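Note sheet for the following structure.
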Amino acid sequence: MKKLSTLLACISLLVALAHAGSSFESTDDTVDFRGPDVRPGYPDLFHVHFVFPKDTLSPNGKYGVIFPDRTLGEMENDSLHNFVVSLDPSQILAELDTESPEFEGKSHGGYEVEWSEDSSVALITLEAKWGPGEFFLIELQDGKVSRTTNLDKKIRQLIEPEYPRTRTPKKALQPPLFCE
């Protein structure tokens, strides 16, 4: 039971942090990002249809997160992806495995990216309607992603075994864990 109360305290902290999040409507500052290995004469999908908000940039200026622009976001297809990227060299380091990717102009969306001082760890929060939606911990080493952890799934794995003892209807824990 002590484990559950500690976990709930951590969740409360994450919720509080997420409410201070950003959205595309609150920032016009973006970083110019060119996709890797663009063939001459062909359009660069990453430059044309993705945005790189400055507030996702790591303290060392080498890494960040890109999201689809409004045009791509309105297509509502499988082409919506959020990526952790490197600026020099220009490359995709990791894709965030999310059920609801962030994109420019997303209704009830938003994001928060917190970096460690040495730019080796990032906590990425993708917001939902009433608060945080998904949390990702990205660990970098030698310019590459060494581990990506979906904290939302890990929190669920810790709570679910204790959940039946709360005598709350089973439907209350159905995804998402946080209210939308």
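The values are calculated or read from the model by the stated rules, or taken from the named source; none is laboratory data. Values in this document were obtained by computation on a predicted structure and should not be read as measured data. Every residue, glycine among them, receives a Cβ derived from its backbone with ideal geometry; neighbour counts consider all protein chains shown.
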Cβ-Cβ distance below 6 Å, separation of 6 or more or different chains: which pairs start in region 93-107 with a residue that is among the basic types (Lys, Arg) and end on one that is at pLDDT 85 or above? none
Suppose we filter region 128-164 for residues that are among the acidic types (Asp, Glu) and either part of a helix (DSSP H, G or I) or over 20 Å from THR56 (Cβ atoms) (or both); how many remain? 4
Taking the residues in region 82-99 that are under 10 Å from the mean Cα position of the chain (by Cα) and assigned to a loop (DSSP other than H, G, I, E, B) as candidates, determine which candidate is nearest to HIS49 (Cα to Cα). ASN82
Please find, among GLU104, GLU117, the residue that is within 13 Å of PRO53 (Cβ to Cβ), of a type in the set (D, E, K, R) and in a loop (DSSP other than H, G, I, E, B). GLU104
How many residues does region 75-105 contain that are modelled with pLDDT under 85, within 15 Å of GLY61 (Cβ to Cβ) and either hydrophobic (A, V, I, L, M, F, W, C) or in contact with a Phe, Trp or Tyr (Cβ under 9 Å, 6 or more places away or on another chain) (or both)? 1
Somewhere in region 163-176, is a residue more than 26 Å from LYS54 (Cβ to Cβ), at pLDDT below 90 and touching a strand residue (DSSP E or B) at 6+ places or on another chain (Cβ under 8 Å)? yes
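Here is a yes/no grid of residues against (1) of a type outside the set (Lys, Arg); (2) surrounded by fewer than 17 Cβ atoms within 10 Å (Cβ to Cβ); (3) closer than 20 Å to ASP29 by Cα:
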residue: SER58; (1), (2), (3): yes, no, yes
residue: VAL65; (1), (2), (3): yes, no, yes
residue: ASP78; (1), (2), (3): yes, yes, no
residue: THR98; (1), (2), (3): yes, no, no
residue: GLU102; (1), (2), (3): yes, no, yes
residue: GLU117; (1), (2), (3): yes, yes, no
residue: LYS154; (1), (2), (3): no, yes, no
